[in-house]
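Only one structure is covered here, and it is reproduced in the block below.
The values are calculated or read from the model by the stated rules, or taken from the named source; none is laboratory data. Computed from a predicted model, the values in this text were never measured in an experiment. With ideal geometry, Cβ positions are generated from the backbone for all residues, glycine too; neighbour counts draw on all protein chains shown.
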Amino acid sequence: MVIKNRGFDSLNRNKAMRILLVEDEKKIARFIERGLRANRYVVDIAYTGENGMELAEINPYDLIILDIMLPGKDGITICQELREYKVDAPILMLTAKSAVAEKVLALQSGADDYLVKPFSFEEFLARVAALLRRQRREKTSFLQIGDLVLDQVSHKVFKADKEIVLTPKEYSLLEYMMLNVDQVVTRVMISEHVWNEDFDSISNLIDVFIKHLRNKIDPTRDKQLIQTIRGVGYVLKSK
């Protein structure tokens, strides 16, 4: 398989899509992770089905990539349980089996698509992009907290009906916090999901961007939406 980067950039520039990859073969998992990150996706990896379930239950993912052959619980069981827990993110199943019965079982368990190993990485990216497009059409494009509104399609932000001009990184930071409203996000989480970099290399930069964002969305300081949780991180409060 060869990592290619053709024709998918327009989707990736729209939003830092967050993907959960559940794959027990670490070499394959790291290969897929590198390819997805090269196309500007944010990726979390779980090497067991149980760990994948835990991550899917606590984090909002735009897509879950799930291997069928996993130690402990297999991918079919995990997929069924995710749907029972009302996890509605699209699921792309990966397997080495090409039998029709296996494909039917995967789809019946709640998967949205199915890909047989070994696969072309270009086809893999096309399937990922198609599932994300479908998911995006089904979701509202607006995030709103009080009089603060973020449009995920136009990438515009408004406060009390007045547009706020943000840099691309400020926008990504605000979008991530609005997607996790009332939840504490640590600096490590921000570094991984907004910058896609190690925390140590940008720790001071995160604080600078938080300050800039506060100055833009709370210029009068009447109500501080972004609050600091000392020693932990930040939280965007809805009330």
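Figures for the structure shown
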quantity	calculated
Enumeration of residues in segment 57-84 that are under 16 Å from the mean Cα position of the chain (by Cα) and over 24 Å from Phe121 (Cα atoms)	Glu57, Ile58, Asn59, Pro60
Top-ranked residue in segment 216-232 [being modelled with pLDDT of 85 or more and part of a loop (DSSP other than H, G, I, E, B); ranked as nearest to Val185 (Cα to Cα)]	Val232
Residue count, segment 1-42 (criterion: in a strand (DSSP E or B) and at pLDDT below 90)	2
Options Val128, Val185; residue that is touching a residue at least 40 places away in the same chain (Cβ under 8 Å), outside the structural domain of Leu20 (by TED's automatic domain parsing) and under 20 Å from the mean Cα position of the chain (by Cα)	Val185
Enumeration of residues in segment 151-182 that are part of a loop (DSSP other than H, G, I, E, B) and β-branched (Val, Ile, Thr)	Val153, Val165, Thr167, Val181
Residues that are outside any helix (DSSP H, G or I) and out of contact with any helix residue (DSSP H, G or I) (no Cβ under 9 Å at 6 or more places or on another chain), drawn from segment 43-82	Thr48, Asn59
Filtered residues of segment 21-56 (kept if over 13 Å from the mean Cα position of the chain (by Cα) and under 18 Å from Ala111 (Cβ atoms))	Val22, Glu23, Asp24, Ile32, Ala46, Gly49, Gly52, Met53
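Listed here are the residues, each with its yes/no results for (1) of a type in the set (A, V, I, L, M, F, W, C); (2) assigned to a strand (DSSP E or B); (3) surrounded by 17 or more Cβ atoms within 10 Å (Cβ to Cβ); (4) not assigned by TED's automatic domain parsing to the domain that holds Thr48.
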residue: Lys86; (1), (2), (3), (4): no, no, no, no
residue: Ala89; (1), (2), (3), (4): yes, no, yes, no
residue: Met93; (1), (2), (3), (4): yes, yes, yes, no
residue: Ala101; (1), (2), (3), (4): yes, no, no, no
residue: Leu105; (1), (2), (3), (4): yes, no, yes, no
residue: Arg133; (1), (2), (3), (4): no, no, no, no
residue: Val149; (1), (2), (3), (4): yes, yes, yes, yes
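Conditions tested, residue by residue: (1) under 26 Å from Glu57 (Cβ atoms); (2) touching a helix residue (DSSP H, G or I) at 6+ places or on another chain (Cβ under 6 Å); (3) modelled with pLDDT of 90 or more; (4) not in a helix (DSSP H, G or I).
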| residue | (1), (2), (3), (4) |
| --- | --- |
| Ala130 | yes, no, no, no |
| Ile190 | yes, yes, no, no |
| Val194 | yes, yes, no, no |
| Lys211 | no, no, yes, no |
